[in-house]
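S.K.: The structure is given below, and queries will be raised subsequently.
The values are calculated or read from the model by the stated rules, or taken from the named source; none is laboratory data. What you are looking at is a predicted structure, and each value in this text was computed from that prediction instead of being measured. Backbone-built Cβ (ideal geometry, glycine too); neighbour counts: all protein chains shown. Keep in mind that these areas ignore ligands, DNA and RNA; they rest on the heavy atoms of the full protein, side chains included. Shrake-Rupley method; radii C 1.70, N 1.55, O 1.52, S 1.80 Å.
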Amino acid sequence: MTHFEIELEKLNNVIVKIGSLAESQVSESVKALLSEPIEGKEVKKIENKIDKLDVKIDEICQSIFALQQPVASDLRFIMGALQISNEIERIGDLAVSIIKRAKNIKDKHDLVSKFEIADLGRQVELITAKTNSYFLTRDEHTFAEIFSLNAAIKNKSEEAIQGIISEMKSHSKTVLSGTNLVIVIKHLERISDHCSNIAEHVYFIVYAKIIKHENPNTES
Amino acid sequence: MRDIKIQVNDLSLYYGEKKALKEISMQIPANKVTALIGPSGCGKSTFLRCINRMNDLIPSVKITGELLVEGIDIYDKNVDVVNIRKKIGMVFQKSNPFPKSIYENIAYGPRINGIKDKTQLDEIVETSLRQAAIWDELKDRLGDSALGLSGGQQQRLCIARTLAVSPDIILMDEPASALDPISTSKIEELVHELKEQYTIIIVTHNMQQAARTSDHTAFFYMGELIEMGKTNTIFTKPEKKQTEDYITGRFG
C-alpha cells in the first residue's frame with residue numbers, strides 16, 4: 001500500500017465511523033419518538049463526535065486535494081466523501097432535533113399509534129442502515145432498496161401528515177402536539193432524503209455518473 | 001521544530017560578484033523530507049549543494065554565514081570535507097551509475113571505506129537494494145552491467161548506492177524529473193519510506209511532487225528563502241503572497 005492509499009483508507013474509515021454514529025443517533029431519535037425520552041447528555045456527546053468527524057473529513061480531503069492531486073476514481077472518492085460527510089452531519093442534526101421535539105408531543109403514544117409512525121420510524125432506521133451498508137459494499141441491490149424505501153417513506157409521511165392535519169382540524173387541542181409531530185415526520189422524511197443523496201454520491205464514486213437530479217423521489 | 005538536523009544561519013553565497021543566496025536561515029528537521037521549491041535560478045539547487053560543500057569545487061564561489069549539521073559548522077576550516085560527504089549522500093537528476101556491475105556499484109563505496117569481507121559486502125548490497133525497493137527486480141542479475149538497467153532502475157540503484165555507505169542525510173536534486181510516471185511514483189514512495197531512517201532534502205521543479213513527498217517545504221525566489229513551513233500549510237494556506245502566487249501558477 002502506498003502512503004496515498006493509506007490516506008484514502010483512513011478517510012474511508014472516518015466515513016464509516018461517522019456513518020455508524022449517525023445511524024445510532026437516528027435509532028435514538030426513533031426510540032425517543034416511539035417510547036421514552038432520551039437522555040440529552042448522551043445525544044449531545046454523539047452530536048459533538050459527528051461534528052468533529054465532519055470537520056476531520058473536510059481537513060483530510062483538503063489535504064489530499066492539495067498534496068496528492070487525486071485523479072479518476074480517487075478524485076471521485078474525495079469529492080464524494082466531502083458530500084457524504086455533509087449529508088451525514090445533517091442527518092445527525094435532524095436526529096437531535098427529533099429527540100428534542102419528541103419531548104414536546106403530548107399524547108405522543110396515541111398519535112404515534114393512530115398514524116402508524118412506528119412503521120415510518122423503523123423504515124427510516126432501515127434506510128439509514130442500508131445507506132451505510134451501500135457505502136461499504138457498493139452492492140447494486142442495496143442501492144435499489146434505498147430508493148424504494150425512500151419512496152415508501154415519502155408516501156407514508158404524506159399520508160400521516162394529511163391524517164394529522166385532519167385530526168387537528170377536528171380536535172383543536174391536538175394542534176400543538178400535531179404540529180410538533182408533523183415537524184418530526186418532515187425530519188424523518190428529510191433523513192431519508194439525505195440517505196438517498198448519499199447513495200447517489202456513492203453511485204458517483206463507483207460509476208462516475210452524476211444522478212442527483214435524475215430521481216424523481218429526491219428533493220435535492 | 002524538534003530534532004533539528006541542519007541549522008542554517010545567514011548563509012549567503014556569491015558566484016564572483018553575483019549574490020546567489022541571500023542570508024538564508026532555516027532549520028531542517030531530522031527524519032523528515034524537506035522539499036526546496038522555486039523557479040529556475042532561485043537558488044534552491046545552489047543551496048542544496050551547500051549542504052555537502054559541493055560548491056567548493058567552483059573556484060569563484062564565496063560563502064558566508066553558518067551551516068551546522070548536528071551542531072557542527074561544516075564550513076569550519078578544521079572540518080574534513082570527505083567525512084561530511086560520507087554522512088551526506090547525494091542523488092542527481094540524471095542517474096549516473098558506474099560502468100560496472102550492479103553489485104560493484106553498491107559495493108564500491110563500502111569497499112573504499114575499508115570493508116573487505118565478502119559476506120559483509122553481500123549483506124550491504126542486499127540491504128541497500130532492498131531499502132531502495134529494487135532488490136526483487138535485480139537479485140538474479142547482480143553481475144549484469146548497471147548501464148543495461150532502465151532509467152527508473154538506474155535511479156533507484158543510485159539511491160541504493162548512496163544508502164550503502166550509511167549516510168545520515170540524503171540530498172536529492174530533481175531525482176525523478178527524467179523518469180516516467182510509474183518510476184517517479186516508485187521514487188516518491190521510496191522517499192517516503194526512507195525518511196524513517198534518513199533526513200532527506202529534495203529539490204524539485206515539480207510542485208506536485210513536493211506536495212506529495214515532503215513534510216516541510218521551503219520556497220526560494222531570487223536567492224531568498226521566502227517561506228518555509230509544513231507542506232500541508234504551504235499548499236493550503238501559505239503566509240506569503242509570493243508563495244501563493246508561485247504554487248497557484250500566477251507568478252509574475
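S.K.: Is it the case, given these coordinates, that residue B:37 is among the β-branched types (Val, Ile, Thr), free of Cβ contacts under 8 Å to residues at least 24 places away in the same chain, touching a helix residue (DSSP H, G or I) at 6+ places or on another chain (Cβ under 7 Å) and buried (at least 17 other Cβ atoms within 10 Å of the Cβ)?
M.R.: No.
S.K.: A follow-up question, please. Give the residue that is farthest from the other protein chains (Cβ to nearest Cβ), with candidates limited to residues of segment B:165-183 that are open to solvent by 20 Å² or more (accessible area, probe 1.4 Å) and within 16 Å of the chain's Cα centre (by Cα).
M.R.: Ranking the qualifying residues of segment B:165-183, first place goes to B:165.
S.K.: Can you tell me which condition residue A:98 does not meet? The list is (1) open to solvent by less than 80 Å² (accessible area, probe 1.4 Å); (2) over 19 Å from residue A:154 (Cβ atoms); (3) away from chain B (no Cβ under 14 Å), and all the others hold.
M.R.: (2)
S.K.: Among the listed residues A:88, A:15, A:38, identify the single one that is more than 14 Å from chain B (Cβ to nearest Cβ) and under 17 Å from residue A:190 (Cβ atoms).
M.R.: Going through A:88, A:15, A:38 in turn, just one is more than 14 Å from chain B (Cβ to nearest Cβ) and under 17 Å from residue A:190 (Cβ atoms): A:88.
S.K.: Filter segment A:140-166 down to the residues that are at pLDDT 95 or above and closer than 30 Å to residue A:11 by Cα and list them by number.
M.R.: Correct list: A:141, A:142, A:143, A:144, A:145, A:146, A:147, A:148, A:149, A:150.
S.K.: Within segment B:218-232, track down each residue that is within 14 Å of chain A (Cβ to nearest Cβ) and surrounded by 17 or more Cβ atoms within 10 Å (Cβ to Cβ).
M.R.: The answer is B:229, B:231, B:232.
S.K.: Separate question: Could you check how many residues of segment A:64-87 are within 18 Å of residue B:212 (Cβ to Cβ) and either open to solvent by less than 50 Å² (accessible area, probe 1.4 Å) or part of a helix (DSSP H, G or I) (or both)?
M.R.: 12
S.K.: Being hydrophobic (A, V, I, L, M, F, W, C), under 23 Å from residue A:17 (Cα atoms) and either open to solvent by 20 Å² or more (accessible area, probe 1.4 Å) or assigned to a helix (DSSP H, G or I) (or both) is true for just one of A:165, A:153, A:198, A:161. Which residue is that?
M.R.: A:198
S.K.: Collect the residues in segment A:28-63 that are touching a residue at least 60 places away in the same chain (Cβ under 8 Å) and surrounded by 16 or more Cβ atoms within 10 Å (Cβ to Cβ), keeping them in residue-number order.
M.R.: A:28, A:29, A:30, A:32, A:33, A:34, A:38 - these are the residues of segment A:28-63 that are touching a residue at least 60 places away in the same chain (Cβ under 8 Å) and surrounded by 16 or more Cβ atoms within 10 Å (Cβ to Cβ).
S.K.: If we keep just the residues of segment B:1-19 that are part of a loop (DSSP other than H, G, I, E, B) and of a type in the set (D, E, K, R), which is surrounded by the fewest Cβ atoms within 10 Å (Cβ to Cβ)?
M.R.: Here the residue is B:2.
S.K.: While we're looking at this one, here's another question. Give segment B:109-135 a look and list any residue that's over 23 Å from residue B:191 (Cβ atoms) and open to solvent by 20 Å² or more (accessible area, probe 1.4 Å), or say none.
M.R.: Once the filter is applied, which keeps residues that are over 23 Å from residue B:191 (Cβ atoms) and open to solvent by 20 Å² or more (accessible area, probe 1.4 Å), segment B:109-135 yields B:111, B:112, B:113, B:114, B:115, B:116, B:117, B:118, B:119, B:120, B:122, B:123.
S.K.: Report yes if residue B:207 is in contact with a Cys (Cβ under 9 Å, 6 or more places away or on another chain) and of a type in the set (A, V, I, L, M, F, W, C), otherwise no.
M.R.: no
S.K.: Turning to a different aspect of this structure: Filter segment A:1-12 down to the residues that are within 14 Å of chain B (Cβ to nearest Cβ) and crowded, with 17+ Cβ neighbours inside 10 Å, then identify the one that is nearest to the chain's Cα centre (by Cα).
M.R.: A:8
S.K.: Residues in segment B:190-212 that are within 19 Å of residue B:128 (Cβ to Cβ), within 14 Å of chain A (Cβ to nearest Cβ) and open to solvent by 10 Å² or more (accessible area, probe 1.4 Å): how many?
M.R.: Residues meeting the conditions: 4.
S.K.: Looking at (1) open to solvent by 10 Å² or more (accessible area, probe 1.4 Å); (2) out of contact with any strand residue (DSSP E or B) (no Cβ under 7 Å at 6 or more places or on another chain), find the lone condition where residue B:157 falls short.
M.R.: Looking at each condition in turn, residue B:157 falls short on (1).
S.K.: If you don't mind, another one. Would you mind finding the one in B:187, B:102 that is within 27 Å of residue B:53 (Cβ to Cβ) and either within 14 Å of another protein chain (Cβ to nearest Cβ) or modelled with pLDDT of 95 or more (or both)?
M.R.: B:187
S.K.: May I ask you to say which residue of B:62, B:22 is under 26 Å from residue B:245 (Cα atoms) and either of a type outside the set (A, V, I, L, M, F, W, C) or not in a strand (DSSP E or B) (or both)?
M.R.: Result: B:22 is the single residue among B:62, B:22 that is under 26 Å from residue B:245 (Cα atoms) and either of a type outside the set (A, V, I, L, M, F, W, C) or not in a strand (DSSP E or B) (or both).
S.K.: Under 9 Å by Cβ, and 6 or more places apart or on different chains, what pairs join a residue from segment B:41-56 that is more than 14 Å from residue B:74 (Cα to Cα) and among the basic types (Lys, Arg) with one that is in a loop (DSSP other than H, G, I, E, B) and open to solvent by less than 40 Å² (accessible area, probe 1.4 Å)?
M.R.: B:44/B:38; B:44/B:204
S.K.: A follow-up question, please. I need a count of the residues in segment A:27-43 that are at pLDDT 80 or above, under 13 Å from residue A:102 (Cα atoms) and part of a helix (DSSP H, G or I).
M.R.: Qualifying residue count, segment A:27-43: 7.
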